Amino acid sequence: MVRPGKGSPMTRNPETPRSPGTAKVQRDHRLREGVDALGFRLIPLTLPRSRRIVRQRKADNSIREERAATPRLALVGAVRPDVASSGFGGSSMSGGHGSFVPSRANRLRSTIKATSGILALALSAGLWLGGAQAQETQIIYPGSIAVTGFPGTIIPGFDTADSEKGGLPPGVDPVDETFIDTSRATLRIFDVSHLGGPASGQLVFTPPPFEVTAGQIGEVFGLTYDDGVRDGVPSGIPNLYAAATSLHGVEIVTPDADSDGRPERQRRGAAGATFMDGQFGTENGGGPGTIWKIDGITGAVSKFADIDTNSGPGIGNLAFDPIHREFFASDLDTGLIHRIDANGRLIDTYDHGVAGRPAHGLAPVADDGAVMDIQGAAFDTEDPETWGYTQDERRVWAVSYHGGRLYYSVGEKSEIWSVGIARDGSFAGDPRWELTVKADKDYAVTDIAFDNKGFMYLAQRGPVENRYDYSRFADSGKAELIRYWREDPDDPATESVWVEVPQEYAVGFPQDNRQSAGGVDLQYGYDADGNLDTSVCTDTVVNTGDKLRDNPELAERLAAGGPLAVHGVQLTPSALVKPANVPPFGSWFVDFDGYFEDPEVEGHVGDVRVWRPCEGGAGYYEEIPGGYLPPFYPPDFPPPGNLPPCVDVEDVHYYCTPRGLQADLYLHDHAGFGGDSIKAQSRTPGVGVTTPMSHVPGKPYTIDITGHYPGDTVNVGLCFYRKSDQDKGGYYPCCKMTLPLRTPAVSCER
């Protein structure tokens, strides 16, 4: 076998709010004076329980109630009559990060009694908040982006009407009484179809997103969509899947011991400890290995699958294979990649540490059996080394299905690998090292995406942290967003078929522009007015990031485009790689939670996934239909007896390259002809077929196809020969055949 290898209509929102901000607004972006951009004093405050105070009008002009809550740093002082509400930074969404840092906690102790009179005003500042509720229409449209993040915090019972139970006793550290707010969102789905104008580094306010709360699904990171097939019929509306995570911290509690109505927060493992409410969606039967399903039509939330052997580290990421209608989930506890069918049933697993590493000359590494024991004395919430992650050498983070293979990332010194997916959907057992990431820091790649031009995008996330004050879940500020492409032609002197040095994107405005939070996907293109253009399939890079608009040297210029402390997503035309777009004034920004007074938090945003149905896609893979015509042998090379064709084609993988469509052919020389090269000619009028490179041993045979219509069947005449025979000059034996290739239904020129 010659088979080694390389690798509904749009939602319209004519009244979308304009980006806030006044050109000459002066503010200390670090909040050193404890005031906001308008000069109001800030009181640090985690959210009390929210109450129903906001009524939202739906598209049919009916009214539905929503939940709202105070911002974490409440605005104190009379609102200036000449300041529009948008000057507060638009909608408060759900609050969001809710973090404490020491300085905030100290100020809280001195102002805690003053807050009771302000609480009602602070509550009324919330403009909207959606909980995941059943919808009358779909919640996911082409171009919708789903984003995960930390939901925020709360001091339960802090604002109770019973004065003897409300507030905190003297000497009590508020941080010890601060918990995950289960009423706020850990997953939001945004409509980014109208960005309000060309990119200028501005913050874009979207219509209120659909939300799923931490109480429903806990904290999640990885995301994927399915294909929208319902009861065997394509609906055009997918479902969304989200996976449990430890990347937004691990919080544990023991039962209430001081009769204040709140459990006792613990830093270290303790007898009787349990995961804090909101950690893993336990009230809905979830755990650290749970994958949740959000119905794309109704918004209903249900448990899809459960890797019940996961003790606490959670799931790295998710991928969906539309050909075999199956899912893949990487397990940070064991290092296994789980294969899951469309009904949520676990089918089998792939063990990179044992089955993958030897394919690149590396020693196998089996799982060490370490688990997260939150009741053991060795467990420390602030030390991820005690969390039961599998060893770094076998720790799989990102997974992405592309071109008939599952690509995945391994370890902190990140390596990208792939393994084939067989015709029956099983793991093909052909692991392949693709590349070792070249970046300034050896950070894990937590997300992988492919466009239809042949680029592979990788998003780093800083090392896992978990500050007790909820301020930091990752060491942010040095993680990169990069992309690779295949060498063309392949350089036999390099080990990888991918280029050695990747291109990098400027992420965020802070120095070095490396604010990646570990999520990346591709979006349609946008026109000159910032409106989504679904005719261009993968023209925009969407990535998550921290502190995206926070740069004191550019504060005055940035103020015109809205608040500075933005933790959310950045949208950038895919062509703008460094040194272009430095600083990224050629990008748009969307905040995850609509709260803008927390520049110091890190790692509060997670993954992003775009629903982007296109006709076909890069790496489109399908069985070659109809078999092949009999081969035609030259007169002096007759096949002895009735032998089968001297060569057959087992697989074809398609890729988009700068030249157009490329087909990689995997040939089987079962007659022992000994060929090592091919020539190709088109047998379809008007279509061009060329062989752009000499064949490299151990690689597939490559041809370029131009001038065809996407989805057409192109007849390719192949000549399979020995290069040594050709080098002798004159006539040389050639095994000939005509191969019908059904091309992907996508244009590489998009």
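The values are calculated or read from the model by the stated rules, or taken from the named source; none is laboratory data. Keep in mind the model is a prediction, meaning the values are calculated, not measured. Cβ placement follows ideal geometry from the backbone for every residue including glycine, while neighbour counts extend to all protein chains displayed. Note: areas computed on protein heavy atoms with side chains; ligands, DNA, RNA excluded. Shrake-Rupley method; radii C 1.70, N 1.55, O 1.52, S 1.80 Å.
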Review point. Taking H as built 1.01 Å from N, whose amide H comes closer than 5 Å to the amide H of Gly530, not counting residues under 5 places away?
Key: Gly197
Revision key, fill the gap. Residues meeting the amide H criterion for Asn715 (H placed from the backbone, H to H distance under 5 Å, 5 or more places apart or on another chain) are Arg683, Thr684, Leu741
Check your understanding: So if R0 is 25 Å, what FRET efficiency would Arg268 and Ala366 give, r being the distance between their Cβ atoms, rounded to the nearest 0.05?
Key -> 0.30
Review point. Where does each of Asp373, Asp226 land when they are ordered by accessible area, with a 1.4 Å probe and the largest first?
Key: Asp373, Asp226
**Study point:** Residue-wise HN-Hα coupling along the stretch 738-744, computed from phi with Karplus coefficients 6.51, -1.76, 1.60 (Hz; x: Gly, Pro)
**Key:** 10, 10, x, 10, 8, 7, x
Study note, to complete from the structure: Output for the stretch 466-508: GluC sites (Glu not before Pro) sitting in coil per DSSP, at most 15 other Cβ within 10 Å, listed by number, reads Glu495, Glu500
Revision key, fill the gap. In whole µm²/s, the translational diffusion coefficient that Stokes-Einstein assigns to the stretch 559-604, given a Kirkwood hydrodynamic radius over C-alpha pairs, 25 °C and 0.890 mPa s, equals 207 µm²/s
**Study point:** Area of Cys537 that stays accessible when all protein chains are in place (1.4 Å probe, Å², to 10)
**Key:** 10 Å²
Review point. What are the ³J(HN,Hα) values, in whole Hz, obtained from phi via the Karplus relation 6.51 cos²θ - 1.76 cosθ + 1.60 with θ = phi - 60°, for each residue of the stretch 351-365 in sequence order, with x given for Gly and Pro?
Key: 10, 5, x, 9, 8, x, 3, x, 5, 10, x, 9, 5, x, 10
Review point. Which trypsin sites (Lys or Arg not before Pro) from the stretch 298-386 combine a DSSP loop assignment with at most 12 other Cβ atoms within 10 Å?
Key: Arg345
Practice item. Could you state how much accessible area Ile297 has, in square angstrom rounded to the nearest 10, with a 1.4 Å probe and all protein chains kept in place? Key: 60 Å²
Revision key, fill the gap. Given a Förster distance of 25 Å, the FRET efficiency implied by the Cβ-Cβ spacing of Lys441 and Val354, rounded to the nearest 0.05, works out to 0.30
Revision key, fill the gap. To the nearest 0.05, the calculated FRET efficiency linking Gln511 and Val172 through their beta-carbon distance, R0 being 35 Å, is 0.35
Practice item. For the stretch 366-437, restrict the atom set to alpha-carbon positions and state the Rg and Dmax in Å. Key: 15.7, 48
Check your understanding: Roughly speaking, what is the stretch gain from Gln503 to Asp529, that is 0.36 nm per residue apart minus the C-alpha to C-alpha distance, in nm to one decimal?
Key -> 6.6 nm
Point to revise | In Hz, Karplus ³J(HN,Hα) per residue of the stretch 462-470 (6.51, -1.76, 1.60; θ = phi - 60°; x = Gly, Pro) | key: x, x, 5, 9, 7, 5, 4, 8, 6
Review point. Simple spin-label model, 7 Å along Cα-to-Cβ: His668 to Glu283 in nm?
Key: 5.6 nm
Review point. What is the gain in length, in nm to one decimal, between Gln391 and Thr309 on full extension, counting 0.36 nm per residue of separation less the C-alpha to C-alpha distance?
Key: 27.9 nm
Review point. Taking 0.36 nm per intervening residue step and subtracting the Cα-Cα distance, what contour gain separates Ala300 from Glu382 on full extension?
Key: 26.1 nm
Check your understanding: With every protein chain left in place, what is the accessible area of Lys453 in Å² (1.4 Å probe, nearest 10)?
Key -> 60 Å²
Review point. Mean shadow of the stretch 472-561, computed from the convex hull of its alpha carbons, in nm²?
Key: 8.9 nm²
Exercise for review: With a ≥ b ≥ c taken as the square roots of the eigenvalues of the C-alpha gyration tensor of the stretch 222-308, please select rounded if a/c is under 1.5 and otherwise prolate if a/b is larger than b/c or oblate if it is not?
Suggested key: prolate
Study note, to complete from the structure: Where a ≥ b ≥ c are root eigenvalues of the Cα gyration tensor, a/c under 1.5 meaning rounded, otherwise prolate if a/b exceeds b/c and oblate otherwise, the stretch 276-433 counts as oblate
Exercise for review: Could you work out the per residue convex hull volume over the alpha carbons of the stretch 407-563, in cubic angstrom?
Suggested key: 180 Å³
Revision key, fill the gap. Env charge @ Val445, Cβ radius under 11 Å, K,R +1 / D,E -1, value -3
Study note, to complete from the structure: Distance in nm between Asp260 and Val229 label points, each 7 Å along Cα→Cβ, equals 5.4 nm
